[in-house]
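The values are calculated or read from the model by the stated rules, or taken from the named source; none is laboratory data. All of these numbers come straight from a predicted model, not from anything done at the bench. Every residue, glycine as well, gets a Cβ built from its backbone with ideal geometry; the counts of neighbours run over all protein chains shown.
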Amino acid sequence: MEGLLKYLDEQIDAVREHATAALEAFDEKAVHQARVATRRLKAGLELLDPLLAKSAKSLGKAGKKLRRRLGPLRDLDVMIGLVGDGAKSDGPKSDSVAPAVEWLSTTLQHQRRDARLADHQGGSKPSKLIGRFDGWWKLRHDLQANLDAIEPLLTEALHVRFASFAEQADLISGITQLPEDSPHIDVHQVRIEGKALRYTLEMAEAAGVRLPKKMLRLFKAMQQSLGDWHDHVVLYERTLALIVGEELALHEPQLAGSTLDLARTFLNRSIKSLSAFKQQWTKSGGELKAALDEHVPLVVEPSAPAEAEAHVEVSPGDVSHDDTLAVESSGEAETAEADDGAVSGSETGPDQPSTESTESQDTPSPVAEQELPG
């Protein structure tokens, strides 16, 4: 389990390496990598929570504050990168939307400039925020005295987080029916659950758990589809908001029309990505569950302890991929903090997504790079 602690060491180092460039120079790559590191760190702190002192809450709050502070910039970076793809073959002819692409890109660039200015004026000094992450080293020292207690926590977290992800994925894919008292299917929630599961899989690999490469490739493909869905949905909504907010139909109706055409392209791409995820999950969800049960069997305590039977292993056939285990509260959203909050990037709730893609945007950890080939 020392490998898991080293994985978290790497996240602390990544925060320290990238946060200064992110907060002072607003470097696009540094903004992204600093946020990814805090999300990975958060997943680890949640997993290890039963073993951690109360001081761990301060570390978690520091990560949340950094993500929120950098969120608006990251959202805009993702959207700006997608706008130029608006005239691809599956969209309207490039000549017809070229003015819309230019207008939308310029408008988003101005918003990024304003976000930088707002952070400079209202944000605390980077050194003060970054210094709060030094609290990890005391927590790490304490955890080393409890290494044997980490493995059962990791095993349980893998199954709990998979069950939570599977429950939402089954609803989206139509494998199970939405309860009558639920107003709608929350696609963003499955993206959040997927993030938590992804980082837990990374931690398992770092700890020495050997998972099939095919399993990881299948899950990565699903996350890619959810990320593409999410990014295009939020860009679609931001584009509509800008058309209305800038009163484009009133002042430049022709440009408003072409911008609406561009927005429809974003929406259509989100629909295609969601359809791809549904097909991927319907085809491979059960296979993923079986692989998890086979390679990381869940050990449960018997209800009536007997000396002859200390533990019971759950075989792949005992739990179907859509069975729900007791789901822990994850705190942020990834739903705990709704990974990356609203359109503006603030982490305000699980039903208000940001524009950051799950898989296509995250930088793989050193361990994940070995097992999750592009």
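Below is a table of values for the structure above.
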quantity: Arg198 at pLDDT below 95 and either of a type in the set (Ser, Thr, Tyr) or under 22 Å from Glu46 (Cβ atoms) (or both); calculated: yes
quantity: The range 11-59: number of residues that are crowded, with 18+ Cβ neighbours inside 10 Å and either among the small types (Gly, Ala, Ser) or within 21 Å of Leu153 (Cβ to Cβ) (or both); calculated: 22
quantity: Number of the condition not met by Ala21 [criteria: (1) under 19 Å from Pro126 (Cα atoms); (2) outside any helix (DSSP H, G or I)]; calculated: (2)
quantity: Tabulated pairs, the range 17-36, first of a type in the set (A, V, I, L, M, F, W, C), second surrounded by fewer than 18 Cβ atoms within 10 Å (Cβ to Cβ) and not in a helix (DSSP H, G or I), C-beta under 6 angstrom, 6+ apart or interchain; calculated: Ala21/Asp27; Val36/Thr363
quantity: Flag if His32 is part of a helix (DSSP H, G or I), touching a Ser or Thr at 6+ places or on another chain (Cβ under 8 Å) and within 22 Å of Val78 (Cα to Cα); calculated: yes
quantity: Number of the condition not met by Arg74 [criteria: (1) surrounded by 19 or more Cβ atoms within 10 Å (Cβ to Cβ); (2) free of Cβ contacts under 8 Å to residues at least 12 places away in the same chain; (3) of a type outside the set (A, V, I, L, M, F, W, C)]; calculated: (2)
quantity: Selection status of Leu82, in a helix (DSSP H, G or I), in contact (Cβ under 8 Å) with a residue 12 or more places away in the chain and closer than 26 Å to Ile150 by Cα; calculated: no
quantity: So Arg113, is it of a type in the set (Lys, Arg), surrounded by fewer than 20 Cβ atoms within 10 Å (Cβ to Cβ) and more than 30 Å from Leu5 (Cβ to Cβ); calculated: yes
quantity: Meets criteria (on the phi < 0 side of the Ramachandran plot and under 19 Å from the mean Cα position of the chain (by Cα)) for Arg39; calculated: yes
quantity: Close pairs from the range 37-62: first within 15 Å of Leu4 (Cα to Cα), partner β-branched (Val, Ile, Thr) and part of a helix (DSSP H, G or I), Cβ under 8 Å, at least 6 apart; calculated: Ala37/Ile12; Ala37/Val15; Leu41/Ile12; Leu41/Val15; Ala43/Thr200; Leu47/Thr200; Leu48/Ile150; Leu51/Ile150
quantity: Test for Ser258: is it out of contact with any Cys (no Cβ under 6 Å at 6 or more places or on another chain), assigned to a helix (DSSP H, G or I), of a type in the set (Gly, Ala, Ser) and closer than 22 Å to Gly81 by Cβ; calculated: yes
quantity: Residue in the range 223-239 that is within 21 Å of Arg35 (Cα to Cα), surrounded by fewer than 20 Cβ atoms within 10 Å (Cβ to Cβ) and within 24 Å of the chain's Cα centre (by Cα) present; calculated: yes
quantity: The range 237-290, subset in contact (Cβ under 8 Å) with a residue 24 or more places away in the chain and among the hydroxyl-bearing types (Ser, Thr, Tyr), residue nearest to Gln111 (Cα to Cα); calculated: Thr239
quantity: Residue selected from the range 258-292 under the condition more than 26 Å from Val244 (Cβ to Cβ) and basic (Lys, Arg), by the criterion nearest to the chain's Cα centre (by Cα); calculated: Lys278
quantity: Residue pairs meeting the criteria (Cβ under 6 Å; at least 6 apart or on separate chains; first within 23 Å of Leu8 (Cβ to Cβ) and modelled with pLDDT of 90 or more, in the range 205-221; second part of a helix (DSSP H, G or I) and among the β-branched types (Val, Ile, Thr)); calculated: Glu205/Val367; Ala206/Val367
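Yes or no, residue by residue, for (1) small (Gly, Ala, Ser); (2) under 28 Å from Tyr236 (Cα atoms); (3) modelled with pLDDT under 95; (4) in contact with an Asp or Glu (Cβ under 9 Å, 6 or more places away or on another chain):
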| position | (1), (2), (3), (4) |
| --- | --- |
| Ala19 | yes, no, yes, no |
| Ala25 | yes, no, yes, no |
| Ala53 | yes, no, yes, yes |
| Gly60 | yes, no, yes, yes |
| Lys65 | no, yes, yes, no |
| Gly71 | yes, yes, yes, yes |
| Asp85 | no, yes, yes, no |
| Asp95 | no, yes, yes, no |
| Arg113 | no, yes, yes, no |
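Per-residue answers, yes or no, for (1) hydroxyl-bearing (Ser, Thr, Tyr); (2) more than 30 Å from Leu292 (Cα to Cα):
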site: Ile185; (1), (2): no, no
site: Ala206; (1), (2): no, no
site: Lys213; (1), (2): no, no
site: Leu240; (1), (2): no, yes
site: Glu252; (1), (2): no, yes
site: Thr265; (1), (2): yes, yes
site: Asn268; (1), (2): no, yes
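Residues are listed down the side, and each one gets a yes or a no for (1) at pLDDT 95 or above; (2) aliphatic (A, V, I, L, M):
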| position | (1), (2) |
| --- | --- |
| Trp229 | yes, no |
| Val233 | yes, yes |
| Glu247 | yes, no |
| Asp261 | no, no |
| Lys272 | yes, no |
| Ser275 | yes, no |
